[in-house]
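The structure under discussion appears below in the form of structure tokens.
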Amino acid sequence: MNSAVSNRQSVISTVDPHSGFSPRQFAICLKGIVWRESLRFLHQRERFISALVRPLVWLFIFAAGFRQVLGVSIIPPYQTYILYAEYITPGLIAMIQLFNGMQSSLSMVYDREMGNMRTLLVSPFPRWYLLCSKLVAGTAVSLLQVYAFLLIARFWDIGPPPIGYLLVLPALVLSGLMLGALGMLISSVIKQLENFAGVMNFVIFPLFFLSTALYPLWKMQESSELLYWLCLLNPFSHAVELIRFAAYVKFNGIAMTVTAGTAGIFLLLAIWSYDPRFGLLKRQVA
């Protein structure tokens, strides 16, 4: 009898949110969320294929069609003239992470409708830690997609120098966190799964086309001063440039600062939105 009572007390102390958690318990929680997202990604083969087909179509069809039309002058971080396909590769990498962030937000909306989100958020772990773990898991999945894309592009001699594949990793992590946090923030304001497609169109396309993913800033400035400033103020442009410079063994301090700052703002807003005390989801996930 005494042993049963002691076992029950130990279980209660384990789930008591005020008892505190050891670093090992936090690590187990993070591992579980990352593992769950990885399994979901592996079981959704269509998601992996679509994540690769979309940028590959842009790389081999769109870039080939504009190869002779659009010239790219020698601009940092490049030290020589490059093909247009080479220029848009960092933008396509960021596009992969952008779509992955939106897919992660879609899964959160789905989990909320199915009740899985409620199970996660009533965990004794701090809600901010659960959301950060979810963000880390989504970023890890995006890295797999990006390197798979780079591997395929390398067969056509498109991609950064060999050392760039390693040096670009921190930039990919930072940009993935920013775009994943944006997706998480969007998921907090979408009430129904049916509304997700419309919201995606209003987020993905302006972010992608009003950026340096497809055209350098000087090209935008030649056509329109307004477009130039919109691209310059777009945080997605800075994520693209951060990836571009890191892949070619250069450092862009402004791009890193803007990307990191924007990631922090998006994450704080998402955590606030998911807080049942005063967030945007008081009545939905409380």
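The values are calculated or read from the model by the stated rules, or taken from the named source; none is laboratory data. None of these values were measured; they are calculated from a predicted model. So basically every Cβ, Gly included, is an ideal-geometry build from the backbone, and we count neighbours across all protein chains shown.
Residue count for the range 196-229 satisfying the condition of being of a type in the set (Ser, Thr, Tyr), farther than 22 Å from residue 55 by Cα and surrounded by 13 or more Cβ atoms within 10 Å (Cβ to Cβ): 1. In the range 197-212 there is at least one residue matching the filter, namely being modelled with pLDDT of 90 or more and of a type in the set (Gly, Ala, Ser). The numbered conditions (1) closer than 30 Å to residue 131 by Cα; (2) modelled with pLDDT of 70 or more; (3) acidic (Asp, Glu) are all true for residue 16 except (2).
When residues in the range 246-265 are screened for being assigned to a helix (DSSP H, G or I) and either aliphatic (A, V, I, L, M) or surrounded by 15 or more Cβ atoms within 10 Å (Cβ to Cβ) (or both), 11 of them pass. Scanning the range 29-44 for residues that are exposed (fewer than 14 other Cβ atoms within 10 Å of the Cβ) and among the charged types (D, E, K, R) returns a single hit, 31. Does the range 37-44 contain at least one residue that is over 17 Å from residue 102 (Cα atoms) and among the charged types (D, E, K, R)? The answer is no, given that none of the residues of the range 37-44 is over 17 Å from residue 102 (Cα atoms) and among the charged types (D, E, K, R). Applying the set (1) over 18 Å from residue 159 (Cα atoms); (2) at pLDDT 80 or above; (3) assigned to a loop (DSSP other than H, G, I, E, B) to residue 49 leaves exactly one unmet item: (3). Exactly one residue among 92, 98 is modelled with pLDDT of 80 or more, more than 30 Å from residue 123 (Cα to Cα) and within 23 Å of the chain's Cα centre (by Cα), and that residue is 92.
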